[in-house]
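What follows is calculated from the coordinates using simple rules that are stated; it is not laboratory data. Computed from a predicted model, the values in this text were never measured in an experiment. Note that each Cβ is placed from the backbone with ideal geometry, even for glycine, and that neighbours are counted across all protein chains shown.
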Amino acid sequence: MEEKKFIQKQLIKNMIYTFAVFTMLVLVFDLLIYKRAEQLLYKEIDTELQNLAELNSMSNKIILLNPRIMYIIRDSEGNIINKETIGTIYEDYVGDIYFDITKLNTIYSLKVNSEYNYRCITVPALTISNQLCYVQLLANVDGENESLESLKSRLFSMSSIIIITSIVASYILSKKTLKPIIIAWERQTEFVQNAAHELRTPLTIIQAKQQLLLKEPESKIIDKSEDISLTINETRRLTKLVKELMVLAMADSNQLDIKKENKNIDELIKDVVIPYVEYAKMQNKELKIELNCNKDINIDVNKITQLLVILLDNAIKYTKEGEKIEVKTHCKDGKCTIEVLDTGIGINDEQKKHIFERFYRAEKARTRETGGTGLGLAIAQTIVKAHGGTIKVYNNEPKGTKFIVKI
Ligand code: ADP
């Protein structure tokens, strides 16, 4: 429950972050587009204003080459002195045109009568009687502003759609980012639960058997040998389980100690497999070796031995009397292939998908009887991965299982 809440919180947090980034990007993008459009729209009229400003600066003759531009001449106090040349249409609001004596030679926007938009520049000039005055050049940009307004509303509606869509996108994205974490979390929880369960079973058996022994202190060891041997078996199983859990925990935290050395793979396999030949014979099973990779390869001898032991143990465990197990090697393209085949019970396609998972056992009851923990193949895969290799499982023909390891 707690985890679910945490994940939910994380999901919302991620969503807010992603949404904020999306929105910020859209707003920055809008601003850039708007500024660029404004620049482009005003560029022509601004250049014209600038040229005229230069022509009229400190001159006593007004030069006007563009009918779109009007001029206002002001005395040194800022009072308009050319009212009669301004024209009747501007009469009503010309008095409201803002004038700032300190803002000379720079172009700026101004709004008149809260309605009309102008680009404006003021330059110092001279009257006919050579007195200092100011020429304010004004170009009406209502058309340009209308285009800008329409661009603004389009940007606004487009951005609103993008921002609304980004809420859904942020949700999907954060769910996607969290998915591997959720899976890892679930796996971890499942692993801990499985480990606890696997550890509890032998502990319960050991405790029960020992309590039983305590109830009959007078009885002889010979009478209780079955219970004692069961306790020993479960202790052995517990030790194996703890060792295997340690290997997997080390692998998970990247602390698996791999000490590689050059070793002839066929020789190593012979050393590991030969003791099993006798063991298999005792169980009325045949174990054959066919080695064709007489080469030194760079491996961790202990880990590869452990890998072979896992595969051989399984091959022997899951074959019946009279059946056959084979270990083969061959080399190709600098890679060594180790095959462990048996004619045993085999693994069906559904089980094949899971056998490398931790604690997976095809037939739980049966494998517990055989001492299986369901961790062997998970460890085998960890070892192979640490060597940069692959391990795969196939059907053996006509029956049984074939494991192929490539290193
Ligand atoms: P276990 O300790 O239970 O053997 P493993 O991880 O080694 O665990 O194997 C996982 C499961 O894969 C086993 O429980 C068994 O069902 C199946 N399996 C492994 N090797 C063989 C094999 N050679 N033949 C048939 N089944 C096998």
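Annotations for the structure displayed:
- Once the chain from SER225 to VAL242 is taken as fully extended at 0.36 nm per residue, the excess over their C-alpha distance is 3.6 nm.
- Fewest-first ordering of HIS387, HIS197, HIS354 by other beta carbons within 10 Å of each residue's beta carbon gives HIS197, HIS354, HIS387.
- FRET efficiency estimate (nearest 0.05) - Cβ-Cβ, ASP46 to ASN82, R0 25 angstrom: 0.60
- The chymotrypsin sites (Phe, Trp or Tyr not before Pro) of segment 303-407 include none that meets both conditions, a loop assignment by DSSP and at most 15 other Cβ atoms within 10 Å of the site Cβ.
- Length added when fully stretched, VAL168-GLU146, from 0.36 nm per residue minus Cα-Cα: 4.5 nm
- Here the calculated FRET efficiency for TYR108 and GLU190, from their Cβ-Cβ distance with R0 = 41 Å, stands at 0.05, rounded to the nearest 0.05.
- Computed FRET value (nearest 0.05) for PHE99 with SER157, which takes r as the C-beta separation and R₀ as 30 Å: 0.20
- Estimated at 0.36 nm per residue, the fully extended path between GLU54 and LEU126 surpasses their Cα-Cα distance by 24.6 nm.
- Centroid-to-centroid separation of segment 301-335 and segment 118-184 [C-alpha atoms, Å]: 71 Å
- When the Gaussian network model of the chain links Cα atoms closer than 10 Å, the mean-square fluctuations of TYR134, TYR42, TYR93 top out at TYR93.
- Coil-residue GluC sites (Glu not before Pro) of segment 5-89, DSSP, other Cβ within 10 Å capped at 16: GLU77
- Overall dimensions of segment 79-163, expressed as equivalent-ellipsoid semi-axes from the Cα gyration tensor (√(5λ), whole Å, largest first), are 35, 15, 9.
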